[in-house]
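Each remark here refers to the structure printed beneath this line.
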Amino acid sequence: MVFRALGRVLAFAALAALLGMPAQAYYHYIYYQGRTAPFSPIRAQFNLAALPNNTLSFFVSDSGPDTYYQNDTFGSVLGEIKQSLDVWNSVSGSNLRLAFGGLESSSQPQANTPGVDVVFDDLPGVLGMGTPNLPSSPQTMIGPTGTFVPITRSTVILTNNTANTENQPFPSYLEGYFTTVVHEIGHALGLQHTWTGSAMSQDVIRNTSRARPIDVDDEAALLVLYGSPNWNMNYGTIVGTVNSNNAGVSMASVVAISATGAAISALTNPDGSFQIQGVPAGSYQLYVHPLPPDAVPNNGLGLVLPQDFNGKSFPAGGAFAAQFIPGTQNWQSASTLNVSPGLVTLASFNVQSKSSVPMYDMLTYSYLGPNNTLPYVTPAFVNVTSGSFLIETEPNYAGSTPTPTSIGLLGIGNANRIQTPAPQQWFVYFNVPQSQQTAGPRHLVYNVANDMYVLPDGVNFTTQAPPSISFVTQNGDGTVTLNGSNFQSNSRVFFDGLPGTPAANNAFNNGALTVTPPTAAPGHVATLTVFNSDGQNSMFLQAANPQTYVYPANIASASLSQNANLNITPQSLPAGVSSLVQITASNANFVAGQASVGFGSSDVVVGKVWVTSPTTLLANVTVAPNAATGNSEVSVVAAFQVIAQQGAFQIQGSNPALPAIALPIVNASTGNAITPGSFASVFPANGGQFPNNLQLTLNGSPVGVQYSSSTQINFFVPANTPVGTATLTATANGNSVSVGVEIDTAGSGLQGQLKH
């Protein structure tokens, strides 16, 4: 959450100079073939067919931020970026995969494979911006989800000063930094703003956390672009129109919302038609509202409006009175829509135009001290076990907002009292029946004269106070125990921006949390935060004086430095080839699961990484067939330690004499894990064929071939093969290439075979 005492951070969605058009956004970047109905949206998105294994790589500028807050580090920043990529990878049904590609230098040649660049720049009062670099002359392609405009590159810009954002410190370990990075990555993927409180909502109304980094609105937006075939058969669809005076209303926001669930929305087409895809099965109330004034283009900021293919934008519709179906502003009288998987639900609105929008961008605050005193947090978190609570609400804009005639909690009831302690500020008192006293976000409905405003996820219900850390103990086995209050068995402990690993047997014991810290150099000072599954964290109460952990000198700690040297073997690879690459670094202490390797170019993809010793890494590396030749940077990120070496690796032109093996090597029967005593399958890469005289060895010994053709070889993995990394070498005509094979725990016998 973003603390009021630290200032509200407004994360704009894009950089106008990159696009040559306004920079903020709403849901997708939309084109239409013509300017008359019917309107079928053509969306901008990455072409999965142009991505290796459907994987989009993100590359971070090796310069990092210029200025850090006290104890903040580049490793922590990179950790937040990597975790944000994992968030979007968690969307079930998405064919798009995101990968951290490592560091890149400003002189890195442009790759031929699409990718995303993460850079750092001066952003006064802003944490980040993100945008696809949309083409000035869009061309269409046909993909699995229909016609689209391909994105070939996107940019995410993060602040280069974590010590002074909006005149307040904003280190990377605060939750708001993480949720901002998640948001900006969403823009880079082709998502624009929504008004549902989800990750892609404007920051002022966003209500996400580490526990809930994205919501169903974000998931649906991603699936529309990159969903697997027939993904929408698992969801319902709501289709309809929004009209005013017998004419369609363009870019009205239609929202399906359930009392204890999430909100999911879409904007109308120029003729007022809309389609909300990806709606989970359930009961919803449906409402429509106009875009807030700050969503309209203004001095280069605002929505990227839909365009035709001549570059002419479609204007947004004007203001109108918001309403629930069937034409009511009383949520308690609204109809209920039942949505079922694979089915379409119809709905329509007739709205009354107005001269202005009376209320939008409302903030909520809750006071966590005794008797509703400081500290406070926004959006509001309230412990509902007492049956009543107080929140403060106010607009986040200049100008006059009418006093609400009522403020309600959807599905629960209206506030029993509203006070006005100061102009444009209201204290709101609610009673919550016992049946509703469960943790989770709830939605607010404000009624003003002849209009209404809905704030999805405006209040977060909890059933306990926020966690707080009392003291920290260093244990002899290298683990750390945190003692405090209001911890949960699934609480997560973060050291700056990186999570600790729960101890195997006593992660949660008598209310204390025991974890293994991520590796860092002795003397490193990490700020500690405990995050609970209800969205609360220890910074709610301890932001002004957080607990820290100083890494001792008597434990095994990585001592990488940016001045260290990396030794890479081989130092070059031709286009179209995969190979096992060894990287060593002196004075390192690599830990499995904490080290990642990058080659600074989206033409080079890193597969599996193995830690074979504290100073040695092995990585499967694939160079794209159409890769741009030249030097690239090699980087290793090991928890907080970052090491990079510019120009350390060379991409060469293709060499048809080298065998090209597709990765990964898979089990011939299951297509998954390879175990001792099973058969493994090898396929040629890039749609090619194996030469007739191809020979294979595993760990230096010839393999027993069970099946062989020009497009597939099945070989036997001996039962005595050690678990871990094995080296498979392919040789033809005196040329050889080696790749890594992961050997998993031994199974119970032969696994069968697979032939084309």
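The values are calculated or read from the model by the stated rules, or taken from the named source; none is laboratory data. Note that the structure is predicted; figures quoted are calculated from it, not measured. Using ideal geometry, Cβ is built from the backbone for each residue, glycine included, and neighbour counts are taken over all protein chains shown. Protein only, heavy atoms only, side chains kept; ligands, DNA and RNA dropped before computing areas. Shrake-Rupley method; radii C 1.70, N 1.55, O 1.52, S 1.80 Å.
What to note about this one:
- Average accessible area per residue (Å²) across segment 447-567 - probe 1.4 Å, nucleic acids and ligands excluded: 40
- Here the contact order of the chain, divided by its residue count and restricted to Cα pairs under 8 Å and six or more residues apart, works out to 11 percent.
- Ranked from largest to smallest solvent-accessible area, with a 1.4 Å probe on the protein heavy atoms, 615, 569 come out as 569, 615.
- Heavy-atom accessible area per residue - segment 618-756, 1.4 Å, Å²: 43
- Here residue 608 is the anchor, and the aspartates and glutamates within straight C-alpha reach of less than 17 Å, apart from those fewer than 8 places off in the same chain, are 86, 742, 744.
- Shape call, segment 637-710: gyration tensor on alpha carbons, a/c limit 1.5: oblate
- Percentage relative contact order, segment 383-470, counting C-alpha pairs under 8 Å, at least six apart: 33
- Largest accessible area first, the residues 294, 451, 117 order themselves as 294, 117, 451 under a 1.4 Å probe with ligands, DNA and RNA left out.
- Prolate/oblate/rounded label for segment 600-756 (Cα gyration tensor, a/c 1.5): oblate
- Entry note, the chain: the mean residue ellipticity at 222 nm calculated from DSSP H runs of n ≥ 4, each adding -39500 (n - 2.57), is -2000 deg cm²/dmol after division by the residues and rounding to the nearest 500.
- Answer label, with Rg and Dmax of the Cα atoms in Å calculated from the coordinates and candidates [x] 25.1, 81; [y] 27.4, 85; [z] 27.1, 79: [y]
- Per residue, segment 137-283 exposes 26 Å² of accessible surface when a 1.4 Å probe is rolled over the protein heavy atoms with every protein chain present.
- Fraction of antiparallel bridges per DSSP, the chain only, in percent to nearest 5: 80
- For the chain, the share of accessible area belonging to carbon and sulfur comes to 47 percent (1.4 Å probe, ligands and nucleic acids excluded).
- Centre separation in Å (Cα based) which lies between segment 433-460 and segment 678-716: 61
- The accessible area of residue 274, taken with all protein chains in place and a 1.4 Å probe, comes to roughly 10 Å².
- Within the shell defined by Cβ-Cβ distances under 9 Å, the residues around residue 129 carry a net charge of -2, with Lys and Arg each +1 and Asp and Glu each -1.
- Largest accessible area first, the residues 141, 362, 233 order themselves as 233, 141, 362 under a 1.4 Å probe with ligands, DNA and RNA left out.
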